[in-house]
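Student: The structure's right below; bear with me while I get my questions together.
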Amino acid sequence: MDERRARKDIGDFFRKLNSQVGKPFPYLWVPEWHPKGHGLHLHFAVGQYIRRTAIDDAWGKGFVHIKLLGQVPIGKGSLAESRHAANYLGKYLGKAFEDNREFNLRRFDSARGFAPESEVIVGASLDVVLADASSRMGTMPSYVWRSINQDGWIGPNAVWMSWDR
């Protein structure tokens, strides 16, 4: 499956699933190239229970694996649950950087109207930006990827950070 086809298929999937659920719902998805070259996998997270049969019917293209993202402390609310799901999906975003694959497209997507908010952090150096971001997140990042450490990187200097929360 190529990445453009995957995006069409996942768009069709979520349109069908929204229709089965009966209303739009928040979701976030990321592609992952299988490390042994078996093609593209699509990982997604939703913030509500959806019947397995609805997911199977909406996808209709083969194997579906569902995993409950547990270990969220009870009573922590939707922000903690969202951060837990983002952490799960973030590891797949990080893999895309590690294997130096050129996606040429966004590395994730979300439901229309439910996109994550972005925050711009400007600083005189990467250390200043890292300190500000870490302060906002309440801890240092668990993973930092830098384009300057990548052989053959073409493009502006880029940094990717993720936090385990």
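Quick note: the coordinates plus some simple rules give every number you see, no bench work behind them. The shown structure was predicted, so the numbers you read here are calculated from the model rather than taken from an experiment. Cβ sites come from the backbone with ideal geometry, for glycine too, and all protein chains shown count toward neighbours.
Student: Going through segment 19-55, which chymotrypsin sites (Phe, Trp or Tyr not before Pro) have at most 11 other Cβ atoms within 10 Å and a DSSP loop state?
Tutor: Numbers: sites: Tyr27, Trp29, Trp33, Phe44, Tyr49; in loops: Tyr49.
Here the chymotrypsin sites (Phe, Trp or Tyr not before Pro) that fit, given the DSSP loop and packing criteria, are Tyr49.
Student: Suppose a student asked you for the relative contact order of segment 119-165, using Cα pairs under 8 Å spaced at least 6 residues apart; what percent would you report? Walk me through the numbers before you get to the answer.
Tutor: Values: 40 pairs, mean separation 15.0, N = 47.
With pairs under 8 Å counted, the relative contact order is 32 percent.
Student: Counting just the Cα atoms, what span does segment 118-165 cover along each of its three principal axes? Round to the nearest Å and put the largest first.
Tutor: Answer, in whole Å and largest first: 34, 24, 19 Å.
Student: Same structure again: Under a plain spin-label model, where a point goes 7 Å from the Cα along Cα-to-Cβ, how far apart in nm are Asn157 and Lys16?
Tutor: Roughly 4.7 nm, to one decimal.
Student: In addition: Just want the ordering: His84, His65, from fewest to most Cβ atoms lying within 10 Å of their own Cβ.
Tutor: The most exposed by this proxy come first: His65, His84.
Student: Let me ask another. I'd like the FRET efficiency for Asp132 and Leu69, computed as 1/(1 + (r/R0)^6) with the beta carbon distance as r and R0 of 30 Å, rounded to 0.05.
Tutor: 0.60
Student: Something else now. Are there trypsin sites (Lys or Arg not before Pro) in segment 22-68 that DSSP puts in a loop and that have at most 15 other Cβ atoms within 10 Å, and which ones?
Tutor: On the way: sites: Lys36, Arg51, Arg52, Lys61, Lys67; in loops: Lys36, Arg51, Lys61, Lys67.
Sites meeting the loop and neighbour criteria: Lys36, Arg51, Lys61, Lys67.
Student: Further question: How long is the gain from Glu119 to Asp56 if the chain were fully straight, where each residue apart is worth 0.36 nm and the alpha carbon distance is subtracted?
Tutor: Between Glu119 and Asp56, full extension yields 19.1 nm more.
Student: If I stretch the segment between Tyr49 and Val144 completely, what's the gain in nm (0.36 nm per residue apart, minus their alpha carbon distance), one decimal? Before the final figure, lay out the partial values.
Tutor: Values: separation 95, 0.36 × 95 = 34.20 nm, distance 3.25 nm.
In short, 30.9 nm is gained.
Student: Give the peptides 4-17, 118-131 in descending order of average Cβ contacts within 10 Å, highest first. Before the final figure, lay out each step's value.
Tutor: Values: 4-17: 14.9, 118-131: 10.3.
The densest-packed peptide leads the list: 4-17, 118-131.
Student: Sticking with this one: Can you compute 3J(HN,Hα) from phi for each residue in segment 46-58, using the Karplus curve 6.51 cos²θ - 1.76 cosθ + 1.60 with θ = phi - 60°, rounded to whole Hz and x for Gly and Pro?
Tutor: My calculation for segment 46-58 gives 10, x, 7, 6, 10, 4, 4, 5, 5, 5, 4, 5, 5 Hz in order.
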